[in-house]
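Written out below as structure tokens is the structure these notes cover.
The values are calculated or read from the model by the stated rules, or taken from the named source; none is laboratory data. The structure presented is a predicted model; accordingly, all values stated were derived computationally and were not measured. Cβ placement follows ideal geometry from the backbone for every residue including glycine, while neighbour counts extend to all protein chains displayed.
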Amino acid sequence: MTKVQYPVYKNESQTTETMNPPSCRNAICITFVVVNVIIIILGVAGNALVIWIAGFKVKKSVISTWYLSLAVSDFLYCCFLTINVVNALKKDWIIGSFMCKFRSFMLSLNWYSSIFLLVIITVDRCVLVMFPVWAHNQRTIRKASGIIMVAWIVSAVLSTPMIIFRDIQPNAAVVTSRFIFLFAIPYLIIVICYVIIMRKLKTNEVAKSKKPLKIMTALIVSFLICWLPYHTFSFIRLNGGISKKILSPAINLTFTLANSNSCLNPFLYAFMGKDFKKQCFTILSKMENAIEEDGRSTIRGVAVSTSGETNLSTTV
């Protein structure tokens, strides 16, 4: 297995470790690049579609506002992941110390904002189920926009250590704060809210469908699978309890797994809604019709051209 290569900057005695892919020299690196490229493609396409639908196609609402902001966060995150792929294909860090810190800040910013928005969406669903009348009267797009702004500001503040401590990784403060604010607290809130929602739905005789329960279970499990391994190995790396030959590939694998959450969110959240599904199918149907129409036009053009050539050859 190849040792992870981290960038070394001029006049800096220490190296960085967080969020840096391996130098691309073996099967592990190739797998890392391929999987991340797939995540980037699916994440950019899926979140761009959510941005288009939530921003321009469906009626403005609190829920569409949540989904729009979540999609923007995940879209930006997937875009910045391309730097990791480029870095993995090169032997050296080629875009300088500032971009290293800026990239890490942006990745961290979108990590925090995405997780916080998932928590906000979950709490909002819980409030809707528990207090439907109050929620109908008090939930407004303006209030939702204000909450989103606060979430982004808090995310920026919590991401600041990535600029300050970036050159002395691994750093206990960064690893611990990430675990607390990116996993422990959000996951606890999400689980509590979904347990409350599930209990409410089970006692509701009208809601006989098991689909909502299956969806919520999938959301809880996917969040756990995507994030727990990354935080576990981050603490292991901090304590230095495992050989680097094992730890380096494990860190890259779990980091990639955490990245996949950004391309899963559109399918787990937005596309589960009826309005989003309807608009998505409408857009895909229009694209299919356009492609088929283009194909028919091409065939007709070829047929006309062939017919003209045939007539010409018979008259000569």
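Condition test on Asn11, is it modelled with pLDDT under 75 and on the phi > 0 side of the Ramachandran plot? In short, yes. Between Asn87, Asn110, Asn137, the distinction of being part of a helix (DSSP H, G or I) and in contact with a Leu (Cβ under 6 Å, 6 or more places away or on another chain) belongs to Asn110 only.
Of the residues making up region 82-100, those that are under 22 Å from Asn171 (Cβ atoms) and modelled with pLDDT of 80 or more are Ile83, Asn84.
Okay, residues lined up against (1) at pLDDT 85 or above; (2) within 29 Å of Ile115 (Cα to Cα); (3) exposed (fewer than 13 other Cβ atoms within 10 Å of the Cβ):
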position: Ile236; (1), (2), (3): yes, yes, no
position: Leu253; (1), (2), (3): yes, yes, no
position: Leu268; (1), (2), (3): no, yes, no
position: Thr282; (1), (2), (3): no, no, yes
position: Asp294; (1), (2), (3): no, no, yes
position: Ser307; (1), (2), (3): no, no, yes
position: Thr314; (1), (2), (3): no, no, yes
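Per the listing Ser97, Ser114, the residue uniquely among the polar types (S, T, N, Q) and surrounded by fewer than 20 Cβ atoms within 10 Å (Cβ to Cβ) is Ser97.
Restricting attention to region 161-187, the residues that are at pLDDT below 80 and either among the β-branched types (Val, Ile, Thr) or under 22 Å from the mean Cα position of the chain (by Cα) (or both) add up to 6.
When you check Thr31 against the structure, is it at pLDDT 80 or above, polar (S, T, N, Q) and within 17 Å of Thr256 (Cβ to Cβ), yes or no?
Numbers: at pLDDT 80 or above: yes; polar (S, T, N, Q): yes; within 17 Å of Thr256 (Cβ to Cβ): yes.
It is true that Thr31 is at pLDDT 80 or above, polar (S, T, N, Q) and within 17 Å of Thr256 (Cβ to Cβ).
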